[in-house]
Structures are given as structure tokens and as C-alpha cells.
Amino acid sequence: MHTEIIFYILLFMVAFLYSSVGHGGASGYLALMAFFSFAPEMMRPTALILNLFVSLTAFIQYYRNGHFRWKLFWPFAIASIPAAFVGGLIIMDAAWYKKILGMLLLFPVVRLGGIKFNSENTDKEQTLFASLLIGAIIGLFSGMIGIGGGIILSPAILLLHWANMKQTAAVSALFIFVNSLAGLAGIFTTGFEYKPEIVWMIVIAFSGGLAGSYLGAKKLNHLFLKRLLAVVLLMASVKLLFA
């Protein structure tokens with residue numbers, strides 16, 4: 001019982017912090033589930049389901065505050081949605097799953113660890129081919145691993161100087177939602193065993209996402225907590241890569 005309470009508290013914190021930067025939190029949920037020894041076949045669909053609720057909440061908050069750019073979003077989405085569905089169809093070996101997840105967790109470590117991007121420099125023009133290629137690659141990994149892809153898309157947009165931080169968060173939030181939906185569709189076609197405890201996980205993650213996205217879309221900057229989460233994710237990455 002005490003272990004479950006600790007898990008739920010950490011789940012709320014992960015949803016809160018991820019949604020504050022426009023992410024669904026799947027990489028954080030996966031890291032938590034890895035720490036608490038969840039079975040890999042349950043980790044992927046559970047993370048994507050939680051992603052749906054948290055990322056949609058984040059998108060609505062950022063959209064209401066005028067940060068969403070459709071022109072930036074759609075090239076990524078049209079390539080990522082079918083790729084995420086295909087990725088969801090792929091049943092991975094547990095050992096390979098853990099190694100790839102461990103590597104992907106390094107992206108939110110960079111994102112949450114205080115490493116700065118020149119987020120206000122948006123002087124570069126978005127290119128269609130690069131957007132489609134990035135969307136397709138991220139979408140495939142999203143479905144395969146159970147992430148929404150925002151942890152990879154966000155630094156890519158910022159490094160390419162296609163949008164500022166708030167615009168990137170808004171686009172990433174909707175990107176995560178559509179990718180998670182497509183990935184789940186692929187997973188469900190191969191069979192998925194529903195676990196009753198996922199209802200509580202949805203309620204807690206949704207609550208954390210609602211609070212985090214509301215404050216993040218305005219002016220929240222809990223740098224210490226974000227760096228603390230980055231350390232936890234780094235520990236999870238090391239565990240998955242070298243265990």
C-alpha cells in the first residue's frame with residue numbers, strides 16, 4: 001500500500017512538470033513504471049493512455065493563450081500519425097525495449113535539466129521535407145516505445161529556430177495527443193489487457209496535468225523541480241541501459 005501511494009504521488013508530480021512544458025509525460029510515466037517493475041507489455045499502452053489526457057489538457061491551455069500555430073503543426077502530424085500506428089503494431093523484445101527507452105529518456109533529461117535553447121530566435125523558415133521526415137521518425141518510435149514524441153520534437157523545433165518556447169509547447173502537446181492515439185490504435189489491433197488500476201492512474205495524471213499546464217501556459221518556471229525530475233529520469237535511463 002505504501003509503495004502504491006509513493007507511486008501515485010510521483011505520478012502526479014511527473015504529469016504536473018511535463019504538462020508545464022507542453023508534454024504528455026509518457027517518458028516520465030515509463031521511467032516510473034520501470035522503477036516500480038511494471039511489465040513491459042503494460043507499460044507502453046498505459047503511458048499512451050495517460051498521454052492522451054495530459055497532452056490534451058496542455059494543448060487546450062496553450063491554445064487558449066494564443067500560442068498554437070497550425071502551419072507549424074500539420075507537416076509533422078501527417079507523417080507521424082501513420083508511422084505511430086505502424087509502430088504500435090510492432091511487438092518488441094523486452095530487452096530491446098528497455099535499451100531503446102533508456103536512450104530516449106536522455107531527451108527529457110536535456111529538456112528538463114536546464115540546458116538552454118535560444119528559444120526566441122525564430123528566424124528560420126520551416127521546410128516541408130524536414131518536417132515530414134522528423135514527424136515520420138518520431139511517430140514510428142512513439143508507437144514502438146509508448147511515448148508521444150514531444151520529448152524529441154520540442155528540442156528539434158527549438159534547435160531549428162522554427163518557433164519560440166511557448167509555440168513549441170503548444171504544437172508538441174497536440175502532436176503528442178495524435179501520436180498517442182495512433183499508437184494506441186496499433187496496439188489495440190494486436191490485443192491489450194485492461195488493468196483496473198489504470199483508472200486511478202488516469203485521474204491522478206489528469207489532475208497533475210491540469211495544474212501544470214494551466215500554470216505552464218502562463219509563467220510557471222519551477223527550475224529546481226524540473227532539474228530534480230531530470231536527475232530521476234537520468235537514473236531510470238542508466239538502470240534501463242545497464243541493468
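The values are calculated or read from the model by the stated rules, or taken from the named source; none is laboratory data. All figures in this text were calculated on a predicted structure; none of them were measured in a lab. Glycine also receives a Cβ, built like all others from the backbone with ideal geometry; neighbour counts cover every protein chain displayed.
For the range 54-97, the set of residues classified as crowded, with 19+ Cβ neighbours inside 10 Å and closer than 18 Å to Tyr29 by Cα consists of Val54, Ser55, Leu56, Thr57, Ala58, Gly88, Tyr97, listed by residue number.
Listed here are the residues, each with its yes/no results for (1) closer than 13 Å to Ala173 by Cβ; (2) modelled with pLDDT under 85; (3) in contact with a Ser or Thr (Cβ under 8 Å, 6 or more places away or on another chain).
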position: Ile9; (1), (2), (3): no, no, no
position: Ser20; (1), (2), (3): yes, yes, yes
position: Ser27; (1), (2), (3): no, yes, no
position: Leu30; (1), (2), (3): no, no, no
position: Phe36; (1), (2), (3): no, no, yes
position: Ser55; (1), (2), (3): yes, no, yes
position: Phe73; (1), (2), (3): yes, no, no
position: Phe85; (1), (2), (3): no, no, no
position: Ile90; (1), (2), (3): no, no, no
